[in-house]
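First up is the structure itself, then whatever we jot down about it.
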Amino acid sequence: MKFRKTNPRFGYLVVLIVLCLGVAGIASMVTIPAVQGWYKDLVRPSFTPPDGVFGPVWTILYVMMALAAWRAWGRDQYKWDSPCIRLFLTQLALNFAWSFLFFKFHLIDVAAIEIVILEIAIIVTTVAFLMRDRIAGMLMVPYVVWVAFAAALNIGFWRLN
């Protein structure tokens with residue numbers, strides 16, 4: 001019996017999915033206790049979705065982000081000096097930091113400023129991805145839209161609390 005060799009590029013996709021879901025998992029360890037405590041006492045903007053919406057949406061977005069990064073990074077032969085992977089990792093770090101600012105440290109105002117910076121970083125990343133691979137860029141669009149919505153929510157929480 002002859003076994004087919006796995007494409008080594010597939011390993012980069014696995015690493016990116018694990019990285020993104022790892023960021024999500026660690027952030028959720030900060031977020032979940034706050035949602036059950038401090039967060040439930042905040043005055044919410046009228047357009048705040050039910051708490052149960054966030055987990056599934058973010059999980060889908062993280063997988064889409066990983067796939068987008070994999071496709072765009074692949075256009076640069078998976079080199080670590082690729083602008084695409086650097087932009088992606090920068091926005092991912094900003095994404096990660098937001099959960100701590102908002103849910104762990106309760107810095108709603110600082111989180112509001114940070115999420116606007118995050119949105120700009122995501123847009124820059126999306127444009128870079130679009131220039132490398134149209135599908136990669138399109139995979140980022142729902143993330144751009146969701147973080148814009150999250151920014152509006154964050155600013156609403158800041159105003160109300």
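Observations, loosely collected:
- Degrees between helix 134-160 axis and first principal axis of the chain (Cα, 0 to 90, nearest 10): 10 degrees
- Cα long-axis angle, helix 51-74 against the chain (0 to 90 degrees, to the nearest 10): 30 degrees
- DSSP-loop trypsin sites (Lys or Arg not before Pro) across region 33-97, with at most 15 other Cβ within 10 angstrom: 75, 79
- Computed FRET value (nearest 0.05) for residue 41 with residue 63, which takes r as the C-beta separation and R₀ as 25 Å: 0.20
- The sum of -39500 (n - 2.57) across all DSSP H runs of n ≥ 4, divided by the residue count of the chain, sets its helix-only mean residue ellipticity at 222 nm to -27000 deg cm²/dmol.
- Linear extension gain, residue 21 paired with residue 144, 0.36 nm per residue minus alpha-carbon span: 42.5 nm
- Taking the average, over residues, of other Cβ atoms within 10 Å as the packing measure, peptides 111-117, 143-149, 51-57 rank 111-117, 143-149, 51-57 from highest down.
- Per residue, the convex hull spanned by the Cα atoms of region 1-146 amounts to 131 cubic angstrom.
- Taking the longest Cα principal axis of the chain as reference, the axis of helix 8-36 is set at about 10 degrees.
FYI, it's all coordinate maths here, none of it is from the lab. These numbers were taken from a predicted model, which means no experiment stands behind them. Positions of Cβ are backbone-derived with ideal geometry, glycine not excepted, and every protein chain shown enters the neighbour counts.
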